[in-house]
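Working notes for the structure below.
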Amino acid sequence: MIYFFTSQIPALKSFKVRQRQQIIALALAHLSPSKKIILSVCKLAFLAPLFLGLAYFEGWMLIPWLLLAGLSYPLIITPIENMFALAHLDKAIDEFKQGE
């Protein structure tokens, strides 16, 4: 399942927003190097068309498109990162609880 927000992940429902972000970061840190490369390639594949499209605009016409790109960046990246983090989520939650 695709989770657009960390609050949608059942295992993270009991945590606050900042804590959920830290747990996701811990889970992503547990990815193997090959999975990290795949994650980076996936992000690049989704973001490249968006930013290549910005090359068609000049001057003041570029500003609204830059704002749109900036606002859509987390909407594109977060579900991809959440999908990769799910595999290591239990380990990250245990690690987070030990660190508190």
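The values are calculated or read from the model by the stated rules, or taken from the named source; none is laboratory data. This structure is a prediction, so every number in the text was calculated from the model and none was measured. Note: ideal-geometry Cβ built from the backbone for every residue, glycine included; neighbour counts use all protein chains shown. With ligands, DNA and RNA removed, areas are computed over all heavy atoms of the protein, side chains included. Shrake-Rupley method; radii C 1.70, N 1.55, O 1.52, S 1.80 Å.
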Tally of residues being assigned to a helix (DSSP H, G or I) and surrounded by 13 or more Cβ atoms within 10 Å (Cβ to Cβ) across the stretch 8-20: 5
Residues within the stretch 42-69 that are within 15 Å of the chain's Cα centre (by Cα) and open to solvent by 50 Å² or more (accessible area, probe 1.4 Å), tallied: 3
Residue match in the stretch 24-45 (condition: outside any helix (DSSP H, G or I), among the polar types (S, T, N, Q), farther than 26 Å from Ser7 by Cβ and at pLDDT 90 or above): yes
Qualifying residue in the stretch 46-61 (condition: over 18 Å from Tyr3 (Cβ atoms) and part of a loop (DSSP other than H, G, I, E, B)): yes
Within the stretch 44-96, tally of residues that are within 29 Å of Gln8 (Cα to Cα), free of Cβ contacts under 8 Å to residues at least 12 places away in the same chain and not hydrophobic (A, V, I, L, M, F, W, C): 4
Some residue of the stretch 77-98 being surrounded by 11 or more Cβ atoms within 10 Å (Cβ to Cβ), of a type outside the set (A, V, I, L, M) and touching a His at 6+ places or on another chain (Cβ under 7 Å): yes
